[in-house]
Each structure stands twice: as structure tokens, then as C-alpha cells.
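*Asks:* Have a look at this one.
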Amino acid sequence: MGRAVLTALCLWSCVLAVTPLNQEEVGRVVDYIEENIFRDLEMQYAYFVKFTDDECNNGLQTQDIDKALKVDVSAGIRGKVEKKEIYQGNQMVAASFEKNKKFDIHAESRLLNTLPGSTESPISNLLKKTPAAGCVVFFSLNSPCVQTCTDPKGKYNIIDKLNKVNLPGSNSRAFAYTKVFEKDKKKPEEEVWKNWEALNAKIHLYRRSGNNCIKCFNNGVRDKKCYND
């Protein structure tokens, strides 16, 4: 194989590589959406947002986020979420929890559950749209609950559901939350961390703190600020 061909292959592979998400980038995304869409909304909600390779490789700067989400920001997302509707846009999807006769359907699950009359979930629909996702951020106001959402053996856990959607590479996906789910504070702390570890193995876990995000696991080491207030 000639040197020119090798050089071309190297350049091609370098162009396709997406820079891994870091705490600052996840923080900028969440801060932008919270400020421009969900400021002071206290009800439980979740959203999933995607960005292109170019936007991710540029470090998800505020101007890139603003440009990417301009249509979604003006689409009345908050109102739809407050009315318990599922918002489905070109760059993001969002939902609140929904009360059922038997149990609540959590916001994270609503974005991953198959839609009525369809074989797709809001998240899988979003990931199939163009432009293709270079990196993604999944956010929930409260941390995913231990009893249902992050129980690896549970029937309704979101980890299994995330396995069924075409996410970008493991370093290009993040799950962030602000508050530790109140009921989980009454459970043994070790149980909570074990379930979070299972989720983190699928999508890196962060906690929003002010305008920043804390990475909950660094080379397997837990950051206690993700659990402690």
C-alpha cells in the first residue's frame, strides 16, 4: 500500500473520530437547555439531545449549541412537557413523568418506551433522523430511580432499553441529573451506587452542580459529590 493511500486513510479516520465528551461540554449543554427551556421547572422531566460530529469535535461551544437547538428552543417544549406530552424535535426529545392507574411512568422511560402504533421510541426515532448523532446527552432532573430505572434485573430498567437504540460511541454519550431521587436517599447508599455503576457502564453518569457537571466515576472511583448534597 502506497504512502499516499496510507496518508489518505489516516486523514479519513481522523476526520471521522469524535472527541470524547468531558465535564465542561456536558455542563454547557445542560446549562444552556436549563436556562433557555426548563428554568425553575420543579416537576420531574427528562430530555435527550444529539449533536453532529462537527459540533462535538468543536467542543460543544455555546454558539454551536445555540445554533443546533434554535428550532427546538422556539418550539414550545416546556409547555408540552408541562401538559404531559412528549416533545419530539429534530435535535431533542423531552417528557415529564406520567401517572398511570397502577404506577407512574418515569420521564426517562417515556423517552425509551415504544410509542403507540409504532415500533420506535422517541429516542430511537430521533437517532434515525439526519443529521447523524456524533454525541448525545440524556438529562433527568432527578437521578434515575434504583427500584425501576437502574435495576439491572428489573423488567422496566432503562439500561436494557438503551441497549436497543443506536447510540454513538461509548465516550460520546452522557447521562446527567441534578437531584438525587428523594426515595433513593432512604435506601442503602451502596445499593444506589451499584445501580449507578450499571448505568454508567452503558452511558457515563454526571451530576449537574451549578453551571458545571461532576463525573460520577473516574476509572472506577466514585465521586461522592454525586450522592451527597
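*Asks:* So which residues in the stretch 44-72 are part of a helix (DSSP H, G or I), of a type in the set (A, V, I, L, M) and within 17 Å of the chain's Cα centre (by Cα)?
*Replies:* Of everything in the stretch 44-72, those that are part of a helix (DSSP H, G or I), of a type in the set (A, V, I, L, M) and within 17 Å of the chain's Cα centre (by Cα) turn out to be 65, 68.
*Asks:* Which ones in the stretch 66-81 are out of contact with any Asp or Glu (no Cβ under 9 Å at 6 or more places or on another chain) and either open to solvent by less than 20 Å² (accessible area, probe 1.4 Å) or farther than 19 Å from residue 136 by Cα (or both)?
*Replies:* 69, 72, 74, 75, 76, 77, 78, 80, 81
*Asks:* Read through the list (1) out of contact with any Cys (no Cβ under 8 Å at 6 or more places or on another chain); (2) small (Gly, Ala, Ser); (3) surrounded by 15 or more Cβ atoms within 10 Å (Cβ to Cβ), then give the number of the only condition that residue 201 fails.
*Replies:* The failed condition is (3).
*Asks:* Answer with yes or no whether residue 180 is open to solvent by less than 30 Å² (accessible area, probe 1.4 Å) and closer than 20 Å to residue 125 by Cα.
*Replies:* no
*Asks:* Something else about it: I need the full set of residues from the stretch 204-229 which are under 30 Å from residue 36 (Cβ atoms), more than 14 Å from the chain's Cα centre (by Cα) and surrounded by 14 or more Cβ atoms within 10 Å (Cβ to Cβ), in order please.
*Replies:* 212, 214, 216, 217, 223, 226, 227
*Asks:* I need every pair where a residue in the stretch 71-88 that is within 11 Å of residue 47 (Cβ to Cβ) has its Cβ under 6 Å from the Cβ of a residue that is of a type outside the set (Val, Ile, Thr) and assigned to a loop (DSSP other than H, G, I, E, B), sequence separation at least 6 or different chains.
*Replies:* These pairs meet every condition: 72/89; 72/91.
*Asks:* If you scan the stretch 58-105, which residues turn out to be farther than 30 Å from residue 20 by Cβ and among the aromatic types (Phe, Trp, Tyr)?
*Replies:* If the condition is that a residue be farther than 30 Å from residue 20 by Cβ and among the aromatic types (Phe, Trp, Tyr), then 97, 103 are the ones that fit.
*Asks:* How many residues does the stretch 1-43 hold that are assigned to a helix (DSSP H, G or I) and either modelled with pLDDT under 50 or open to solvent by 60 Å² or more (accessible area, probe 1.4 Å) (or both)?
*Replies:* 19
*Asks:* Here's a follow-up. Any residue at all in the stretch 82-101 that is among the basic types (Lys, Arg), in a loop (DSSP other than H, G, I, E, B), at positive phi and open to solvent by 50 Å² or more (accessible area, probe 1.4 Å)?
*Replies:* Yes, the stretch 82-101 contains at least one residue that is among the basic types (Lys, Arg), in a loop (DSSP other than H, G, I, E, B), at positive phi and open to solvent by 50 Å² or more (accessible area, probe 1.4 Å).
*Asks:* Write out, first by first residue and then by second, each pair whose Cβ atoms fall under 7 Å of each other, whose residues are 6+ apart or on separate chains, and whose first residue, in the stretch 43-60, is within 15 Å of residue 26 (Cβ to Cβ) while the second is of a type in the set (Lys, Arg) and open to solvent by 10 Å² or more (accessible area, probe 1.4 Å).
*Replies:* Note: pairs meeting the criteria are 60/28.
*Asks:* Could you list, in sequence order, all residues of the stretch 96-114 that are among the hydrophobic types (A, V, I, L, M, F, W, C), in contact with a Phe, Trp or Tyr (Cβ under 7 Å, 6 or more places away or on another chain) and touching a residue at least 24 places away in the same chain (Cβ under 8 Å)?
*Replies:* Listed by number, the residues that qualify are 107, 111.
*Asks:* Sort through 195, 171, 166 and tell me the only one that's part of a helix (DSSP H, G or I), among the polar types (S, T, N, Q) and either under 13 Å from the mean Cα position of the chain (by Cα) or exposed (fewer than 15 other Cβ atoms within 10 Å of the Cβ) (or both).
*Replies:* 171
*Asks:* Then there's this: Select from the stretch 116-163 the residues that are within 16 Å of residue 183 (Cβ to Cβ), open to solvent by less than 20 Å² (accessible area, probe 1.4 Å), assigned to a loop (DSSP other than H, G, I, E, B) and in contact (Cβ under 8 Å) with a residue 24 or more places away in the chain and list them in ascending order.
*Replies:* If the condition is that a residue be within 16 Å of residue 183 (Cβ to Cβ), open to solvent by less than 20 Å² (accessible area, probe 1.4 Å), assigned to a loop (DSSP other than H, G, I, E, B) and in contact (Cβ under 8 Å) with a residue 24 or more places away in the chain, then 143, 144, 145, 146, 149, 150 are the ones that fit.
For (1) over 10 Å from residue 137 (Cβ atoms); (2) touching a helix residue (DSSP H, G or I) at 6+ places or on another chain (Cβ under 6 Å); (3) not small (Gly, Ala, Ser), each residue gets a yes or a no:
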position	(1), (2), (3)
25	no, no, yes
31	yes, no, yes
35	yes, no, yes
39	yes, no, yes
43	yes, no, yes
46	yes, yes, no
53	yes, no, yes
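The values are calculated or read from the model by the stated rules, or taken from the named source; none is laboratory data. What you are looking at is a predicted structure, and each value in this text was computed from that prediction instead of being measured. Neighbour counts run over all protein chains shown; Cβ positions are idealised from the backbone, glycine included. Accessible surface is based on the protein model in full, side chains and every heavy atom, while ligands, DNA and RNA are left aside. Shrake-Rupley method; radii C 1.70, N 1.55, O 1.52, S 1.80 Å.
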